[in-house]
Structure formats: C-alpha cells, structure tokens
Amino acid sequence: MTKIEKIVLSYSGGLDTSIILKWLQETYGCEVVTFTADLGQGEELEPARAKAEMAGVKDIRIVDLREEFVSGFVFPMLRANALYEGQYLLGSSIARPLIARHLVGLAREVGADAVAHGATGKGNDQIRFELAALDPSIKVIAPWRQWNIRSRMQLLEYAEKHRIPVPSDKRGEAPFSIDANLLHTSTEGKSLENPAEVAPDHVYQRTVDPVDAPDTPEIITVGFERGDPVSVNGKAMTPAALLTELNGLGGRHGVGRLDLVENRFIGMKSRGIYETPGGTILLAAHRGIESITLDRAAAHLKDEIMPRYAELIYNGFWFAPEREMLQALIDHSQAFVSGEVTLRLYKGSASVISRASPCSLYSDDLVTFEESTIAFDHHDAEGFIRLNGLRLRSWAARNGR
Ligand code: ARG
C-alpha cells in the first residue's frame, strides 16, 4: 500500500462520519481535511465545525452549495420529469455527483492524495460518489468497505470506546439512517427494514400527515421560463429560494410523502420513506406547463426516454456521455416551456387547476364543440379513421371477428 499523506473527508458531523474521521486519523496517521456541503439539509452546520475542531482537524471547509445544487442538478433533472421506478424523485441520487466533484476539487486544491466518504458497501451512494470522483491521481477511501465494523451495533461500540458522542432522536433512540437536502428527506433502516410494517409517524420530518393538514385548500402559482421554475405566487426567486418556499408550502399541506420499496443498483431491494414536498409540486407544475407548450410527439419522446434518464441518475451515471446526450435532447425541448401554472394544495395532493402560456400550442378555436373559424373539415376525420382502420379490418376479417 502506498502511503497516503492527506485525505479530504466528506463530513456531515453525524455519527458515521465522526467515527470515520477518527478511524482515518488512526489508520492512516495523516492529516484529514473535512468537507461539509450545505445542500439545505436544514441542520445547523456549525456543530459539524465544532466536532471537527474537537477531533483535531486543522482545515475545516463548510461550503454553501444550495444554489448550485438546485440550478445545476435539480432543475435539469426536473426538465425531464425524472422519476425512478415511476415514483422516486431521486433526491439523494442527484446530490452525490455534486458532492463528489467538490470533494475532488478540494483534494486537488489542498494537495490531498485521497478522498473518503461514509457510504456503506450495500448502498447506491458509494457508486454515485465514485463514478463522479474520476481523477486517477486521487484515491477513494470507503471505510465501510475496509474496516471490520460490520453493523450499526459495532459502530456504536466503536463510538463509545473512542468517546464519540452518539446522537439520539427525540425519543432517545438511535436515529434512522437519514439523508436530507433541499430536494428531499430520505429515511431508511431500523423498523423500516421490514416492508410489511407500517412506518411510524415520527419518521416524517418535513411534511405533516395529510390527515392533519389544513381543511382549507391553498391556491398557488408557479411561473416557468424555458423549462425552469422562476417564480412562486408572482414573486421571482433564485432556484434554492424557490425550492425552499415550495417545501414550506407543500410540507404544511402534507404533499410529497412516499413509502417505497425500490431496486438498488447494487442488487437488493430496499424500503425507504421519502418526503419531497417542493419537488412533488414542481413535477406536477412542470407537467402542467408542458401540457400546453410541448408538441405531442416531442412530449411522448420525452416520456419514452425519461425512465432511462432517471435510471442513469439513480445508478450514478450523471457524468456519463449518454446522460449528457439525453440532457441535450431534454434541454432542447424546453425552449418554449414558459408560462404560469396554478395548483391547489390540499391534504397531501398538489393538483394543477389551470395553466397559461404566451407560447401555448393549445387552440380553443380548434378543439371547441362550438362553431370554429379555423379550417377544420369534419369530413377529413372520416378518411383519417378509415385509413387507420384499414389493416385492423383485414386482421379482424382474417381472424373471423
Ligand atoms: N435509497 C435512496 C437512494 O438510493 C436513498 C439513499 C440514502 N438515504 C439514506 N437514508 N441513507 O437514492
């Protein structure tokens, strides 16, 4: 093993990465620089600084990546209406490539020869990190795959032995495995590992139970320009501010809860609880504005490639040529996706109730049941149907129907 001189650790200040910090210092006996990204996880990041200081870290970096996260990753993904396995809005998946790139960037800046992350050997996140950390001169250290800690129980024992404070949730229990950012909160582990068991109420962090949501619906508008949301209720906002605002509105109305069993890239099924209030509103709103601004074949082509695009993001292939090619196609489709969508938030749902655009393809004159001024000859429909039915008639006759 070549000697490692300096490591940049992706550090949240939580239990796992605090233990990893200690373990790296002991195992490699070298300097560890901590990198903490503010992705809008909603936690104070100063405690992470204090903990790193206590652990003897000299170089502590805390960087606000919220705007870059939303404008450079979440919004491009939203343009595709991306959902993994029909339901998951990819909140953790889309954050990893960004963190990994910054981690490697910092490693170069401080002359480190390795980066380290706290993702386990069973998850998707290790793949996403490492498929984005592509500098061959920088090694990736994944302690969960190297040390002989094999379970959360053993992790807690290690923490006790090294006097690392173990956080507990409000109920005094060991916390779930949680990953949070501006797009979502994901909760896994403990009792959730049994998919036959109903998730306890206290897993939910940023949404109220729809049953307890206000009895009066709330009407909101979202403005779009070229496929990206730019305003809420007529007020222009930066990407991160806009998503924060929608998280608040959606959370209050219980929008965006998901209890899902998904197929991990690494091979097993896993069960998680997701809360994506703002993202759920934005998906509905984006589909709403696309419904009047996209041509039919363009919209259907987008829908065909969407599962493929979502799977690339889920599997960690953000920095891959095929993802960039699909992105170019998706982005190209968005040139006229501008206008305003009105939604009603009510007891867990975000429903589009109206949409308007200066670039609309919708023609009330064309579709109307009343008399129309546009040249549409009803007789044309007869021939249209007859020719579409030509082969169906041959087929039905041959089959004796
Ligand atoms: N299963 C989700 C994914 O692969 C979330 C993973 C991270 N979440 C967590 N609670 N540790 O994207």
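The values are calculated or read from the model by the stated rules, or taken from the named source; none is laboratory data. These numbers come from a predicted model, not from an experiment. Neighbour counts run over all protein chains shown; Cβ positions are idealised from the backbone, glycine included.
The figures follow:
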item	result
Test: residue in segment 87-103 that is within 19 Å of residue 18 (Cβ to Cβ), within 11 Å of the ligand (Cβ to nearest atom) and surrounded by 15 or more Cβ atoms within 10 Å (Cβ to Cβ)	no
Set 337, 341: member being in a strand (DSSP E or B) and surrounded by 12 or more Cβ atoms within 10 Å (Cβ to Cβ)	341
Hits in segment 47-86 - residues which are of a type in the set (Ser, Thr, Tyr) and under 20 Å from residue 105 (Cβ atoms)	71
Count - residues of segment 122-158 that are surrounded by fewer than 18 Cβ atoms within 10 Å (Cβ to Cβ), away from the ligand (no atom under 13 Å from the Cβ), touching a residue at least 12 places away in the same chain (Cβ under 8 Å) and farther than 20 Å from residue 25 by Cβ	5
Enumerated helices (runs of 4 or more DSSP H) restricted to segment 104-204, each holding at least 1 residues that are under 30 Å from residue 239 (Cβ atoms) and modelled with pLDDT of 95 or more	125-130
Segment 33-50 - residue that is surrounded by 17 or more Cβ atoms within 10 Å (Cβ to Cβ) and touching a residue at least 60 places away in the same chain (Cβ under 8 Å) and, of those, farthest from residue 69 (Cα to Cα)	33
Test: residue in segment 179-193 that is loosely packed, with under 14 Cβ neighbours inside 10 Å and within 16 Å of the ligand (Cβ to nearest atom)	yes
From the options 272, 250, residue that is within 12 Å of the ligand (Cβ to nearest atom) and crowded, with 20+ Cβ neighbours inside 10 Å	272
Near pairs, Cβ below 7 angstrom, 6+ apart or cross-chain, from segment 72-96 (among the basic types (Lys, Arg)) to any residue that is within 12 Å of the ligand (Cβ to nearest atom)	96/125; 96/128; 96/129; 96/316
Segment 13-43 - residue that is at pLDDT below 95 and in a loop (DSSP other than H, G, I, E, B) and, of those, nearest to residue 121 (Cα to Cα)	14
Scan of segment 314-342 for residues that are under 16 Å from residue 302 (Cβ atoms) and in contact with a Ser or Thr (Cβ under 7 Å, 6 or more places away or on another chain), ordered by number	336, 337
Selection status of residue 108, surrounded by 24 or more Cβ atoms within 10 Å (Cβ to Cβ) and either without any contact (Cβ under 8 Å) to a residue 60 or more places away in the chain or within 12 Å of the ligand (Cβ to nearest atom) (or both)	no
Selected residue [in contact with a Phe, Trp or Tyr (Cβ under 9 Å, 6 or more places away or on another chain) and not charged (D, E, K, R)] from 277, 195, 200, 214	214
Condition broken by residue 20, with the remaining ones in (1) under 17 Å from residue 119 (Cβ atoms); (2) of a type in the set (A, V, I, L, M); (3) under 25 Å from the mean Cα position of the chain (by Cα) satisfied	(3)
Identity of the residue in segment 1-20, more than 27 Å from residue 276 (Cα to Cα) and touching a strand residue (DSSP E or B) at 6+ places or on another chain (Cβ under 6 Å), that ends up surrounded by the most Cβ atoms within 10 Å (Cβ to Cβ)	8
